[in-house]
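Everything on this sheet refers to the single structure shown next.
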Amino acid sequence: MSTFEFLRLESEGPLSTVWLARPPVNSVSQAMYRELEDLFSRPDRHLPGVKAIVLAGEGRHFCAGNDLHEFGTLTPDNSDERMAEVRAAFFAIQECPVPVIGAVHGVALGTGLAIAASCDFVIAAENARFGTPEVGVGIMGGARHLARLVPEPIVRWMYLTGDPIEAGRLAELGGIVAVVPPTELIKRAHEQARRIVRHSSASIRMAKRSLTGIETMDLQEGYIFEQGLTRELSRHPDSLEARRATLEQRAARYTE
């Protein structure tokens with residue numbers, strides 16, 4: 001398994017856990033952005049056999065945001081290169097070939113919120129808080145990621161005030177799947193991941209590709225896209241096995 005400076009990896013069969021590991025609050029530096037992009041754009045290289053990833057944070061918080069010491073040196077002359085690394089990390093999580101489940105405790109602010117929102121879905125601890133403090137920090141970014149979690153009026157209220165909201169409120173708005181006691185966070189995230197990895201790797205990856213592709217499409221365009229993936233998947237042995245197992249009312253026996 002690959003070694004990273006700011007990420008810690010654990011694997012149990014097809015289920016892997018990636019820990020943000022940059023004390024004290026997992027603020028993300030440019031080097032850490034590069035590690036995130038490397039890992040999530042090439043999960044098979046770093047996590048062989050992986051079917052689903054739980055993304056969590058070590059210590060007291062999931063991620064308190066960007067490394068403000070580095071952001072303090074941001075200028076129009078150096079911002080393009082730095083911002084390219086930031087978005088590459090976020091997009092790699094969003095477009096990861098396998099599902100990524102965010103397991104959030106403590107705060108997920110700014111970059112932390114964008115990382116969580118880049119996941120396929122989020123399980124949060126009762127003590128979790130989510131926010132976009134960018135306006136107060138003097139930078140932009142994160143509002144579009146926030147829009148994956150909450151309706152537009154809430155996006156604008158959170159972004160313009162900079163006020164965070166608690167996990168319970170975010171769950172009421174439909175932004176997270178479940179709110180659990182902090183001591184049960186990883187266990188519950190793993191339970192959800194295991195519900196995914198019971199399916200064939202081919203189907204999981206095709207489903208992730210489908211969901212990522214249709215997110216910005218209208219209904220008709222999106223369904224045509226999905227039908228094309230059905231055609232592509234139908235040639236895979238595990239697709240045939242899944243259909244046979246369903247008809248025969250038995251557990252499927254997948255090749256991977």
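The values are calculated or read from the model by the stated rules, or taken from the named source; none is laboratory data. Keep in mind that this is a model prediction, so the values were computed, not measured. Neighbour counts run over all protein chains shown; Cβ positions are idealised from the backbone, glycine included.
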- Give the number of residues within the range 36-66 that are touching a strand residue (DSSP E or B) at 6+ places or on another chain (Cβ under 6 Å) and acidic (Asp, Glu). 1
- Task: Report, by residue number, each residue of the range 121-133 that is buried (at least 21 other Cβ atoms within 10 Å of the Cβ) and under 13 Å from the mean Cα position of the chain (by Cα).
- Result: Val122, Ile123, Ala124
- Message: Can you say whether Phe121 is in contact with a Ser or Thr (Cβ under 6 Å, 6 or more places away or on another chain), in the same structural domain as Glu166 (by TED's automatic domain parsing) and touching a residue at least 12 places away in the same chain (Cβ under 8 Å), as far as the supplied structure shows?
- Response: no
- Task: Give the residues of the range 216-256 that are under 27 Å from Gly49 (Cβ atoms) and in a loop (DSSP other than H, G, I, E, B), sorted by residue number.
- Result: Ser234, Arg235, His236, Arg250, Ala251, Ala252, Arg253, Tyr254, Thr255, Glu256
